[in-house]
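Each remark here refers to the structure printed beneath this line.
The values are calculated or read from the model by the stated rules, or taken from the named source; none is laboratory data. All values reported here derive from a predicted model rather than from experimental measurement. When we count neighbours, we look across all protein chains shown, and the Cβ atoms used for this are built from the backbone with ideal geometry, even at glycine. Note: accessible area is taken over every heavy atom of the protein model, side chains too, but ligands, DNA and RNA are not part of it. Shrake-Rupley method; radii C 1.70, N 1.55, O 1.52, S 1.80 Å.
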Amino acid sequence: MPVIPGVGKSTLLNAINKELNLKTGNISEKWGKGKHTTTFATMLQIMENSFIIDTPGIKEFMLLQVEPEEVSGYFKDIKQYAEGCQFNNCLHQNEPNCAVKEAVENTKIAATRYENYLNIIQNIKDINYWERK
Ligand SMILES: [Zn+2]
């Protein structure tokens, strides 16, 4: 399968300093999405007085201020159906009479979009769980 280079943090750092030779992921043309290949935080010296801390999962960091019930507001296609849900705090997961799940079943919302939505909800729940422990 042909691959194109990823555009993750490790790829950018390798471009700054080739000697770092960090492991990077490839984005398959078929799926068009990369994988997180950085699995633990590392501090790298890129120049004499310059250090970079590389941490996994930059996407998750951007979501810290968002609550699970706010996520659907960022998905235009999901938001337009959410108004039809029985509960106004519906997370569109297992709630009864959920208009979003119905729209996914009727392919009015792309299954991949719904999967992304559910992944983000789960990520936020995981982060909140560890933060509040
Ligand atoms: Zn719903």
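So the values come out like this:
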| quantity | calculated |
| --- | --- |
| Filter result (open to solvent by less than 50 Å² (accessible area, probe 1.4 Å), more than 18 Å from the chain's Cα centre (by Cα) and closer than 18 Å to residue 67 by Cβ) within region 99-133 | 100 |
| Residue count for region 65-98, restricted to those that are within 11 Å of the ligand (Cβ to nearest atom) and surrounded by fewer than 13 Cβ atoms within 10 Å (Cβ to Cβ) | 8 |
| Residue check for residue 68: under 15 Å from the mean Cα position of the chain (by Cα), modelled with pLDDT of 75 or more and not aromatic (Phe, Trp, Tyr) | yes |
